[in-house]
1. Can you pull the percent of region 2-113's accessible area that's carbon plus sulfur, 1.4 Å probe, other chains left in place?
2. If I ignore ligands, DNA and RNA and count only protein heavy atoms, how much of LYS4 is accessible to a 1.4 Å probe, in Å² to the nearest 10?
3. Connecting C-alpha atoms closer than 10 Å in a GNM of the chain, tell me which of PHE97, PHE31, PHE22 has the biggest fluctuation.
4. At 1.4 Å probe radius, can you tell me the per residue accessible area of the chain in Å²?
5. Under a Cβ-only charge scheme (Lys and Arg +1, Asp and Glu -1), can you give me the dipole magnitude of the chain about the Cα centre, in debye to the nearest 20?
6. So for the chain, Kirkwood radius off the Cα pairs, Stokes-Einstein at 25 °C and 0.890 mPa s: how many µm² s⁻¹?
7. Select from region 68-116 those trypsin sites (Lys or Arg not before Pro) which occupy a DSSP coil region and have at most 11 other Cβ atoms within 10 Å, ordered by residue number.
8. What do you reckon, how do MET110, MET36, MET96, MET1 stack up by accessible area (1.4 Å probe), largest on top?
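The values are calculated or read from the model by the stated rules, or taken from the named source; none is laboratory data. Fair warning: this is a prediction, and the values are worked out from it, not measured in the lab. Every residue, glycine as well, gets a Cβ built from its backbone with ideal geometry; the counts of neighbours run over all protein chains shown. With ligands, DNA and RNA removed, areas are computed over all heavy atoms of the protein, side chains included. Shrake-Rupley method; radii C 1.70, N 1.55, O 1.52, S 1.80 Å.
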Amino acid sequence: MTRKFNSILKEKCPKCEKGAIFSEKGNVFTFRSPKMYEKCPSCGIIFEKEPGYFIGALYVSYGLAVLELILSYLILTILNAPLSIIFIVLFLVLGMFSFFNFRFARVIWMYIFCKY
Ligand SMILES: [Zn+2]
């Protein structure tokens, strides 16, 4: 269980847990989007099993974003930040974590629905 969790955090292939899923992690500040390998570089399984396979990952991404926003909001209210600052920070948090959410949503999606 903890091994699987580690593989998810390291974005490794759900089958062999050795090959990387992403060739490029992406950078929000330089607008470079994350790039996925088509197949696992280690065991060769095809990550996108069928067209539209990753549409469901949008729900995971949404869940991650909501979680991040709730946590940020709680931290800011504990710090007694004014409402205008809270909105600005939440907007920045959404932007900063967008690529992170994109990657992890896909990884989590594959680990949930890939039985090898
Ligand atoms: Zn693999």
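1. Values: 5130 of 7490 Å².
The nonpolar share, carbon plus sulfur, comes to 68 percent.
2. The value for LYS4 is about 80 Å².
3. Highest fluctuation of the listed residues: PHE31.
4. Values: 7980 Å² over 116 residues.
Heavy-atom SASA per residue in the chain reads 69 Å².
5. Working: 14 positive and 7 negative charges, 97 e Å.
In total the dipole reaches around 460 debye.
6. On the way: Rh = 15.5 Å.
Using the Kirkwood radius from Cα pairs, D works out to 158 µm²/s.
7. Working: sites: ARG103, ARG106, LYS115; in loops: LYS115.
Of the trypsin sites (Lys or Arg not before Pro), the ones in loops of region 68-116 whose Cβ has at most 11 other Cβ atoms within 10 Å are LYS115.
8. On the way: MET110 0, MET36 50, MET96 110, MET1 190 Å².
Final ranking, largest accessible area leading: MET1, MET96, MET36, MET110.
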